[in-house]
Amino acid sequence: MKTPLDVLRRGDTDVASGTMQRAPATRTPPARRPRRRLPNPLRGRWGVLVAATVLGLLVLGALGADGLRPAADLRSDLDQVLLPPSWDHPLGTDAAGRDLLTLILHAMRVSFTVAALAALLAVLLGGAIGIVAGVVGGAVDAVIMRVVDFLMSQNHLLFSLLIAVLAFPVAGGAGAVMLAVGLTHWTSMARILRSEVLTLRERPFFHAAIGVGAGRVHLVRRHLLPHLAPSAALGFVLLAPHAIFHEAALSFLGLGLPPDNPSLGTLVAAGQQALLKGGWWLVLFPGLVIVIASMCVGALGDWWRARSQPRWRSELEL
């Protein structure tokens, strides 16, 4: 025989009134389908191998631009204006009759150099600030982290435009781009290296060094920098795609390199005017180089991060 407590647990009887009541049916919400992500063709062992091969070919082409396509081929030829891709001109010609393949090879050298220097500036600046915040601590650490949080909540491209406009008269096109990209991307490195410093401060060897009277400079030089170097190198690799994209964006907007020293961004900017005349190749091929180079560098950086530091937070992703 059922007791009132058993019936109440089943939820089909009102004990106070003695009437039978059916408990309201509860609807189970449908399970959400996991979001399908686009397949990454550069993921896995073979994908990383392909990315390294393609990136190596691009770098070799940029370094050997003078040997493969001398700068003398950049002379204007009004009889070869806006020719589509052919055997004589594999990627076509631009509005001035210059070979587009030659332009892209020389532009890759400029863009890759500017992007590498900008990423290096971001790593050095962010690393120095992150180390100071982690080592000093206290109010200095709190102030630095609030500034970092504020800058990370803003739009990087808008800050890059402002810095490029202010630095262009002083540093020129290449210097303005390097400063604009470097001064807007150091915050992620500062946060990551600060967290690494805070972790290293709790290690026994760090306390032993403090116990024997080691100063802050000695601690940073002998005990922190050797452990932070792999993270800084990985950050440089992961920041390189950001620098490539932002350099192309600033040059496209006219705040980057001058037309006589073309980069990939200036080629895309110049090619948009030829789209109305049917010159689709002037935008397609430089844009493909930007995307492919960024994807290859990003794939190598993700592979390196997964193998060296699998628990590292991905604060440097796009």
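What the table below lists for this structure:
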read-out: Test for R45: is it at pLDDT below 60 and open to solvent by 70 Å² or more (accessible area, probe 1.4 Å); value: no
read-out: Qualifying positions in region 165-188 - more than 14 Å from L121 (Cβ to Cβ) and modelled with pLDDT of 85 or more; value: V165, L166
read-out: From the options A62, A72, A52, residue that is at pLDDT below 80 and not in a loop (DSSP other than H, G, I, E, B); value: A72
read-out: All helices (runs of 4 or more DSSP H) inside region 206-290 with 1 or more residues being touching a His at 6+ places or on another chain (Cβ under 8 Å) and more than 30 Å from S86 (Cα to Cα); value: 225-252
read-out: R194 open to solvent by 10 Å² or more (accessible area, probe 1.4 Å), within 24 Å of G301 (Cα to Cα), in contact (Cβ under 8 Å) with a residue 60 or more places away in the chain and of a type in the set (D, E, K, R); value: yes
read-out: Residue under evaluation G67, criteria (1) loosely packed, with under 11 Cβ neighbours inside 10 Å; (2) over 23 Å from F112 (Cβ atoms); (3) not hydroxyl-bearing (S, T, Y), criterion not met; value: (2)
read-out: Condition check for L83: over 20 Å from D260 (Cβ atoms), touching a Ser or Thr at 6+ places or on another chain (Cβ under 6 Å) and surrounded by 15 or more Cβ atoms within 10 Å (Cβ to Cβ); value: yes
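Listed here are the residues, each with its yes/no results for (1) more than 30 Å from S188 (Cα to Cα); (2) open to solvent by 10 Å² or more (accessible area, probe 1.4 Å); (3) in contact (Cβ under 8 Å) with a residue 40 or more places away in the chain.
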| position | (1), (2), (3) |
| --- | --- |
| D79 | yes, yes, no |
| L100 | yes, no, yes |
| A119 | no, no, yes |
| A122 | no, no, yes |
| V132 | no, yes, no |
| M145 | no, yes, yes |
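The values are calculated or read from the model by the stated rules, or taken from the named source; none is laboratory data. As the structure is a prediction and not an experimental result, all values here were calculated from the model. Note that each Cβ is placed from the backbone with ideal geometry, even for glycine, and that neighbours are counted across all protein chains shown. Ligands, DNA and RNA are stripped out before the accessible areas are found, and what is left, the full protein with its side chains, is counted by its heavy atoms. Shrake-Rupley method; radii C 1.70, N 1.55, O 1.52, S 1.80 Å.
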